[in-house]
Amino acid sequence: MMDYDIIVLGSGPGGYVAAIKAAQLGAKVAIVEKNDIGGVCLNIGCIPTKALLSSAKVYRDFLNAEKFGIKANNIDVDWKSVISRKNQIVQRLTKGVKFLLQKNKVDIISGYGKIINKNTIDVEGKKISSKNIIIATGASPIIPPIPGVKEAIEKNIIVTSKEILDLDKLPNSLVIIGGGVIGVEFATIFATFGAKVTIIERENNILLNVDDEIRKEFLKLLHKNITVLTKSEVVKVENNKVTYKTDNANHTTEADKILMSVGMKPNLNFSDTLNLETTKAGIKVNKQMETNIKGIYAIGDVNGQMMLAHVASREGIVAVHNILGKKDEIDYQKIPSGIYGFPEIAMVGMTEESVKKENIPYKVSKFPIAANGKALAEGESDGFIKIITESKYGEILGIHILGNHATELISEGVVTMELEGTVYELAKSVHPHPTISEIINEAAHGAVDKPIHI
């Protein structure tokens, strides 16, 4: 039986990062993976969706080319080529991750891994042992027990976020059940390509974790080409027909395809013997990512703390550091998140609603992207930035951006918060002109006194 210092179960952005970091720090490491290296994010999540969004943006830019003085005729979408480009990007990245694992002398063990006890994993008949196991098995789409759903899945009418990435042809219409991040991103992709898209959400609103002001403005833009039905619960599916209830009345809509996107559930079927403590979200862990069983750690979507790839990666490093004797923790208040579309949403820290709930004295500064020269030059002037600061010292409590490049811009706020900087440092920092990043500086000036350009 092969023995290791650390075995990682799952090779997503949590698992492979943990394995590489552990190997770099001198540990003998194995990683077990039943599917392709890279997990959901690289294969059927973050990366392929961004590839599709990039193709959608190019198509959108061509349709709007005349605004830039460019005449383009007979613009068409070659869907098979769009999918092929996406696949090429995924293959390049997964091969790259496999190369990095091999370069760092991590043993890659292919197959379905079952944890037999706290030190042993069975991979399809082959047993391996370790002093420490990091569970990084990820999550899978939730399929609710709605009448007709199972039958529609069998007929390939209902698809999840996995199958929709490889549709044979572009649907003319799409109903999305669920108004979370995944649903909204796919809504943007397919609506941009010309499909009639309807989102059905049973809660009062979509994107519930987003700051209210940002969401309100985003919805105005979304409503231009996407129908959003809130307070609406799907009660039945019959082939391509979806019946939903709004205000105690049933309504029906129909589409070529139906995307089931009501959330993700942690993959917990890796052991029949471990008595791990779990919650509704996933495996319960402490600040060091360790479970209730000493030597067993859980990172990424399977612990349900924050289902984001970059969180999984950071949790993987935290787990490895603690295994190897270096104390480390993750501060979830300083974790950025993004929603990709036209425009993007990015945020870090507290929303205004959460600040109010905690009775923290605060100040808000906003700056419109329409007042930024670079944004106007690019023809992408929708949105605004919102900085929430603590009243007395100017500590940054939250930064929220709606706009083009928002997910690239948010990191400045993350670094400032990590360094315990204030809005005064942001205001003093010189930003190059012309750049979209100047909106951060302008909003910071607004928090200190007044912005310059409004």
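Computed from the C-beta positions of Tyr393 and Leu208 and an R0 of 30 Å, the FRET efficiency is 0.50 to the nearest 0.05. With the cut-off at 1.5 for a/c, could you classify segment 149-262 from its C-alpha gyration tensor as rounded, prolate or oblate? In terms of gyration-tensor shape, oblate. By the count of neighbouring beta-carbon atoms within 10 Å, fewest first, Cys41, Cys46 end up ordered Cys46, Cys41. For segment 152-188 versus segment 94-150, the inter-centroid distance based on Cα atoms is 26 Å. Put in order of Cβ neighbour count within 10 Å, fewest first, the listed residues Met289, Met347 become Met347, Met289. Report, in order of residue number, the helices in the chain meeting two criteria: a C-alpha extent of 20 Å or more along the helix axis, and a mean Kyte-Doolittle hydropathy of at least -0.5; treat each whole DSSP H run as one helix. Passing helices, by number: 46-63, 79-103, 309-323.
Short-range pairs are left out: with C-alpha atoms under 8 Å and at least six residues apart, the relative contact order of segment 90-160 is 14 percent. Label separation (Ile293 vs Gln88): 4.5 nm, computed from points 7 Å beyond Cα along the C-beta direction. Using the Karplus relation 6.51 cos²θ - 1.76 cosθ + 1.60 with θ = phi - 60°, the per-residue 3J(HN,Hα) values for segment 290-296 come to 8, 7, 6, 9, 4, x, 10 Hz, with x marking Gly and Pro.
Full extension of the chain between Asn172 and Thr435 gives 90.9 nm of extra length, using 0.36 nm per residue less the Cα-Cα distance.
Tally the DSSP beta bridges in segment 334-448 and give the antiparallel ones as a percent, rounded to 5. The antiparallel proportion sits near 100 percent. Look at Ile299, Ile214, Ile47 and count the other Cβ atoms within 10 Å of each Cβ; fewest to most, that gives Ile47, Ile214, Ile299. Once the Cα-Cα distance is subtracted from the 0.36 nm per residue extended length, the Ser411 to Asn119 segment shows a gain of 101.2 nm. Would you work out if segment 334-448 is rounded, prolate or oblate? Take a ≥ b ≥ c from the square roots of the eigenvalues of the alpha-carbon gyration tensor; rounded if a/c is under 1.5, else prolate when a/b is larger than b/c, oblate otherwise. Prolate shape, in that a/c is at least 1.5 and a/b is the bigger ratio. Stretch Ile452-Asn269 to full length: gain in nm at 0.36 nm per residue minus the Cα-Cα span? Value of the extension gain: 60.2 nm. Label sites at Glu154 and Ile75, each approximated as a point 7 angstrom past Cα along Cα to Cβ, lie 4.3 nm apart.
Shown here for segment 97-197: trypsin sites (Lys or Arg not before Pro) in loop regions (DSSP other than H, G, I, E, B) with at most 14 other Cβ atoms within 10 Å, namely Lys105, Lys155, Lys162, Lys169. Over the chain, DSSP H runs of length four or greater, each weighted -39,500 (n - 2.57), average out per residue to a 222 nm ellipticity of -9500 deg cm²/dmol. Quick check: the distance between the Cα centres of segment 329-375 and segment 1-53, to the nearest angstrom? Centre-to-centre distance over Cα atoms comes out at 30 Å. When the Cα gyration tensor is reduced to axis lengths a ≥ b ≥ c, the ratio a/c is 1.5 or higher for the chain, and with a/b not above b/c it is classed as oblate. For the chain, the relative contact order works out to 14 percent when only alpha carbon pairs closer than 8 Å and six or more residues apart are counted.
Of all beta bridges DSSP finds with both residues in the chain, what is the antiparallel percent, to the nearest 5? Counting only bridges with both partners in the chain, antiparallel ones make up about 60 percent.
Remark: relative contact order (segment 149-262) = 37 percent; criterion is Cα-Cα distance under 8 angstrom and separation of 6 or more residues.
Bear in mind that the values in this text are calculations on the coordinates, not laboratory data. Source: prediction; values computed, not measured. No Cβ is skipped: glycine too gets one built from the backbone with ideal geometry, and neighbour counts run over all protein chains shown.
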